[in-house]
Structures are given as C-alpha cells and as structure tokens.
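Only the coordinates and a few stated rules stand behind these numbers; no lab work does. In this text, all values refer to a predicted model and were calculated from it rather than measured experimentally. No Cβ is skipped: glycine too gets one built from the backbone with ideal geometry, and neighbour counts run over all protein chains shown.
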Ligand code: BGC
C-alpha cells in the first residue's frame, strides 16, 4: 500500500514537471526561430550582430542614451517608471526584441543608493574602501568581495555595476584614492581585476573607470592631465590593461578630466586607439555623469553611450545623434558599432540569459565577507615593544576619538553605501553632495569591550587635547582613533583635520603606551609618530569595520595588510607639492603636468629622487616575523620566473606578502630604479615554510616605444630583489635578459 502511494506520488510529480518542460521546449523553439540571438550556442558577437540587424534606427539610439535613475523621487529625470529608485542610471530596454533595460548602480564598495534614507531597501553591505582591499594583496578576497557586492546589485535589480576604479594614486591627496587600488599598475590592476571578475560572476556587467588619468578631484571637470604616450602606457594605462585582461569588464567609463587638453570622452587616442584598436577591447565606453561634451566629436572618438544626460550641458546622443547620423557627420556604421558593443557585452555577461530579479539579501553571510576583507586590509605600521596585540593583563584601556564608541568612517560621494542599521552619527558633513559624512554602526569600542571583559574601558571623544590627555594618563593602554574623511569632488590635506594632531600629541605625551588607529582614505602626515608606541592603518573599513579592527588589536587576527601607496614624510617630496587648480572655481582651466613624474608614480618617484618616505609602499608588520631564502630566477622564452622560500620565523601563525621587484642594472631608459614584478600572499604556521614562484609580466621588464608601438626589453643584466616592502629588499640576484620586442596587443597570454 505504502509503495503504491509512493508510485502514484512519483507519477504525479513526473507529470507535473513533464508538462511545463514540454511547454518550455516548445517555447524555446519558437523563441529561437523568432529571436535567433537567444541561441546560447552562438558567440556574444554573433548574437549581437543578429539583434542589431533587426533594430530600427530609433532602437539603436535608445541603447546609447542614458537617464539618471532615481526617477521615483525625481520624475523629471526620466519618464520611465521601470527605472530603479536610488540608482545611478537607466537605459530603457527594447521589449520587442527582448533587450532588457540597463539598470546601473554605483560602485566599488557595494550598492550605493545615492542618498540617506530610512527605507531599508536602500541599506546595503559595504566592503572596506577599494584601497583597503588593495592593501590585502589577496586576490581571492578581492574576488569574493566583488562577488558579494555583485550579488547585492543583482538582488537589488541592477545589471550594471559602476565598479572597478583603477586610477593610479599619482597624488596621495586625491579625494578618490580610497575608491582605487593604490599607486602600482600591477597591484592595482590585478586586485581591481579580481574584484570585477567577482562582480561579473553574477551575470551582470562591471564598469572599469575612470578612463583615464583622473588623478585629482580639484577642478576635475576641466583639469588636463598632460602626459606622453609612453609614460601613460607604462603607468595608468597599464593598470587598466592588467585589470581588463584579468576580468574582461563589459564596459569602460571615460573620465571627467581632459588629457593633453582633450576631454577623456572625446579622446580618439584613449577610446579608439588605445582601448579598441591596440587592446582589441570588444565592450562599450560609457561617459561619466556629466562627462559628455559633444555629439559627433565624442561618437567618432569612440564614446558608445552617453550616461545620465541630465548631468551634461544638453543631451548629445538623443535627437542630436540622430541628426548627426542623418547628415553623415557620424557614420551609420559607428552607430551600429555602438549598438553592437553594448548588446555584445549584455550577451557576454548574461544580461539576456539571466535577467536580474529582485530578491532577498543574506546580510549575515555578506557581513562575514566584508569583515574578512577589512581584517586583512589592516596595516600594522609600527609596533614598538610589542604594544599590540592588547596584553591580557591590561586592566584599564582608554579609547579616544573619531566616534569609535559608535562606528567607523566611510568615504563620501557617489560610491557611498548607506549603512545597515542606519547612520551611527547623524548630521555630519555637507548637506549636499558629497555629504553626508557616514559612519557605519560598527563600534570598535564595543567590540573591544566584548573581547576584553576583564578590562575597564573609558571613552573620550577627543574634542579637547587636554581632556583627552587627562583621560589617557595612567591607563595600561590608550587607543586613539584618528580620521580623515575623503570624498569625491574634492582633494584633501595631508594634515589631519579637527586638531587631531594636537590631541594625539597630548595623549602620547601623557602616556607612551598609546596606539593610533587611522581611518583614512590614504596617507596623512604624522608629526606625533615618534611619540606613539603603535600605529595601525584601518582605512575606511566598511560595514563590519569595528569588529575587524578589534580582532586585529586583540590578536585574534594577525595583521597582514601591506601599503598599496607610499606615505610621504612631507608634501615637498611629491611631484607636485601643491595640487594644481582651485576647487572654488569649477570652471578654471587647469593643467596638471604628469610628465614631471611620467611613469614614476608613487614609490618609483621616491626611489628615483632618493626621498625617504614616512612609510614605504609594500610596508606592513605582523605579530610574527618572516624570513626569505633560496632566491632563484629562470628565464623561459619571454617569461622571467622568480622563486624563493618564505619561512614564518616567529611564534604566531600569520600571513605574509613577499614582494619581488625588478630593475635594470646600470643606465637605462626606465622611469625609476625598480618596479613591482610580482607578489604572493602566503599563510604560514609558526616555523613553517613554503616555496613561492612568481612570473613577471614581460611588460614590467620593458619600456614602450610609441613610434614602433612595441614593448621593448633591452638586452642586459637586471636585478631581481625580494623583500617585505619597496624599501626592505633583503635578497637580491642578477639575471640576464635577451632583447625582445612585443606587440602593443600583447595581453599576457
Ligand atoms: C562618478 C562616477 C559614478 C557616477 C554615477 C560620477 O560622479 O565620477 O564614478 O559612477 O557619478 O554615480
């Protein structure tokens, strides 16, 4: 009887699934006949060709013209009800052909909802800032973080994430360095590439940006970044090149600034020549919000999509583009190519085959992803006498400043993710863009208290140096939190704001057992450095930042972050001691001479000039120690491989980042004595060793010849150095390389 019942049940189940399956097959057959581009066996190129061939002129024009997305609140921006609330942009679909709308959201740390709101729909998980993820030097974490924020984008109904900021940190004061991957083309390129790969693993498009040389926020709409072709290709372009090769982003965003006097979104050199011709990039270029300045000039230079046209002086790609194609100033083939590139990326990245569906978000699981990233991002810069981790015997701990009692700081502007649980501190910063100043409600103080139940904690807000010093005197440990808010549209000073230098100085004078935790978007000056016992850079650490910081301070996590950017000892050491321009005059035409340093960005400039930085690129301590040995090289074809042994010589398990630098021996045309050639994050138990091998991309051994359009490796002797930072090179060996020339299209394969 029981068996019979089960058979009946099984039969019913078979029938219930068989009928819809048959119907689905029939529907698929009908679809492939009427919509052959839905055949997933065809390549993205073939599918795009098929669909574009069916489009009317107006349908093509629809695809290349974007609206600002927050239409529910600001209906004047777009007449389309299907645009998503709180989003950056929207491009209508073509229902007749099954082209989905493009729903665009910022940005690199998560789904940025454009403004503060009490609507929980707008709260999302925030990763630590981009520079923090770069500080992990951990490709796997970068991928996982990308996969996490991409899944939140998808669950929020977005299929284009405006993420993948990879502008090199040419100036430590750049207000958007926090969004990017630091100053080195290899590190920034592969870390941001891994993040993009993670985002796109959700069948959505990621947009690498801002193409290119968007090196400062001061006068960002007018400034011209002036640089030679070769220097650009050996620096900022190379970061994009590495990231694009790694991750194949569906789109590229051209920047606000001009380059050699030409707007980035009108630059034939940037879009047509370098990106599409030299690198064979098959995706599309969208403009930054307000970065389109013309119709025919932009379209013919390679711009494929005008974003959120209300940010531009006038619509350039709507009716004006239609007229320009009609009168021949933009060839029909160019419009067809725009439509092809856009739909090709939509096919290649799953937008047709896996339409986005709004759904629940597993915030608890995502908190773990962002916390893991934040923990590995923390860089222990100084630790005298083992002040950290916090001693179990510490009975009185004083915590000072930066709202550490309630939360952790984040960077401002379009990338702002609004906190789960609401703003930890309300009413801070500018009322309009790029404000407000947002603290995520993850309290370092509370996390520290929970982990040190035997200690008494005192909190002082750090507003007054004398009061803070009084609170600090006699404590077993003082932890001062110092912050420097950074935000899109403005650069910042290297000097800590709000009298914080005086507070730290007074506290450290009152109690030498002072540890400073920085929450900054990048470097700051530290006149008090000799007085403090320990120093930690926690960046803008994201949704679970307080917990992550506490775990590092208590030693539950052994710090393993390394600086992706040089901390200068003074602004005088920089290629431009004073930033060009005046942000109070937005229309000012400004030139930034990037040929001063050329490709010698960051540590390369410091090495070339012999400047002693405050903290070198690649620097970061651990609660353990690591030793390097057995440095060897081998050359096979055009590939230099470097191998060595890393040993955890301390008593604590931990991660290390051995770094390989390469440079010519003797005179050369290189921009600087050495470049980062490779690195690896390793995890070692006390006493354990591992053998690491890294292969150096030949472009990092070459210089670019703009006339011949080749990467040239000069024959001769090169030095291969291994160390814990660009200034702590403890093992060296020489290698001889043969002359070699690689085409401009070389992509590492
Ligand atoms: C920023 C971009 C961003 C866009 C959309 C612009 O202000 O520069 O990075 O993706 O806004 O919000």
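Between residue 588 and residue 630, what is the FRET efficiency for a Förster distance of 45 Å, r being their Cβ-Cβ separation, to the nearest 0.05?
In this case the efficiency is close to 0.20.
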Once you wrap a convex hull around the alpha carbon atoms of segment 101-191, what is its projected area averaged over all directions, in nm²? 6.3
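Return one quarter of the surface area of the convex hull spanned by the alpha-carbon atoms of segment 595-749, equal to its mean projected area, in nm². Intermediate values should be presented prior to the final figure.
Values: hull surface 39.4 nm².
Mean projected area for segment 595-749: 9.9 nm², to one decimal.
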Note to self, the chain gives a 222 nm [θ] from helices alone (DSSP H runs n ≥ 4, -39500 (n - 2.57) apiece, / all residues, nearest 500) of -8000 deg cm²/dmol
Under 20 °C and 1.002 mPa s, how fast does the chain diffuse according to Stokes-Einstein, given a Kirkwood radius computed over C-alpha pairs? Answer in µm²/s, whole number. 80
Relative exposure of 554, 495, judged by other C-beta atoms within 10 Å (fewest first): 495, 554
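Kindly state, as a whole number, the per residue volume in cubic angstrom of the convex hull around the alpha carbon atoms of segment 201-246. Numbers along the way, then the final one.
Working: hull volume 4.1 nm³, N = 46.
That works out to 90 Å³ per residue.
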What percent does the relative contact order of segment 404-555 come to when contacts are Cα pairs within less than 8 Å and at least six residues apart? 28
Could you state the principal axis extents of the C-alpha atoms in segment 659-749, from the largest down, to the nearest angstrom? 52, 30, 20
Just need the relative contact order of segment 188-256 here, percent rounded to a whole number, with Cα pairs under 8 Å and 6+ apart. 60
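Work out how much length residue 556 to residue 277 would gain on full extension: take 0.36 nm times their residue separation and subtract the Cα-Cα distance, in nm to one decimal.
Working: separation 279, 0.36 × 279 = 100.44 nm, distance 5.01 nm.
The span from residue 556 to residue 277 would gain 95.4 nm if fully extended.
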Shape call for segment 214-362 from the C-alpha gyration tensor, a ≥ b ≥ c root eigenvalues: rounded (a/c under 1.5), prolate (a/b greater than b/c) or oblate? rounded
Peptides 162-174, 602-614 ordered by average Cβ neighbours within 10 Å, highest first: 162-174, 602-614
Highest first, please rank the peptides 126-132, 676-682, 91-97, 193-199 by the mean number of other Cβ atoms sitting within 10 Å of their residues. 126-132, 193-199, 676-682, 91-97
Roughly how many Å is it from the Cα centre of segment 135-192 to that of segment 275-303, as a whole number? 22
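Going by how many other beta carbons lie within 10 Å of each one, how would you line up 209, 35, fewest first?
On the way: 209 28, 35 17.
By the 10 Å Cβ count, ascending, the order reads 35, 209.
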Could you work out how far apart the two model spin labels at residue 42 and residue 354 are, taking each label as a point 7 Å from the Cα in the direction of the beta carbon, and quote it in nm? 2.1
Share of Cα-Cα pairs in segment 478-627 beyond 25 Å, whole percent, is 38
With label points built 7 Å along Cα→Cβ from the Cα atoms of residue 463 and residue 362, find their separation and express it in nm. 4.4
Once both labels are modelled 7 Å past Cα along the beta-carbon direction, what's the residue 473-residue 733 spacing in nm? 5.8
Distance from the Cα centre of segment 664-738 to that of segment 444-487, in angstrom? 43
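Translational D (Stokes-Einstein, µm²/s) of segment 301-460 at 4 °C and 1.567 mPa s when Rh comes from the Kirkwood sum over C-alpha pairs? Walk me through the intermediate numbers first.
Numbers: Rh = 21.5 Å.
Using the Kirkwood radius from Cα pairs, D works out to 60 µm²/s.
Share of Cα-Cα pairs in segment 439-543 beyond 22 Å, in percent? Write out the running numbers ahead of the final one.
On the way: 1693 of 5460 pairs.
Everything past 22 Å amounts to 31 percent.
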Among 283-294, 580-591, how do they line up from the highest to the lowest mean number of other beta-carbon atoms within 10 Å? 283-294, 580-591
Quote the relative contact order of the chain in percent (integer), defining contacts as alpha-carbon pairs under 8 Å separated by 6+ residues. 14
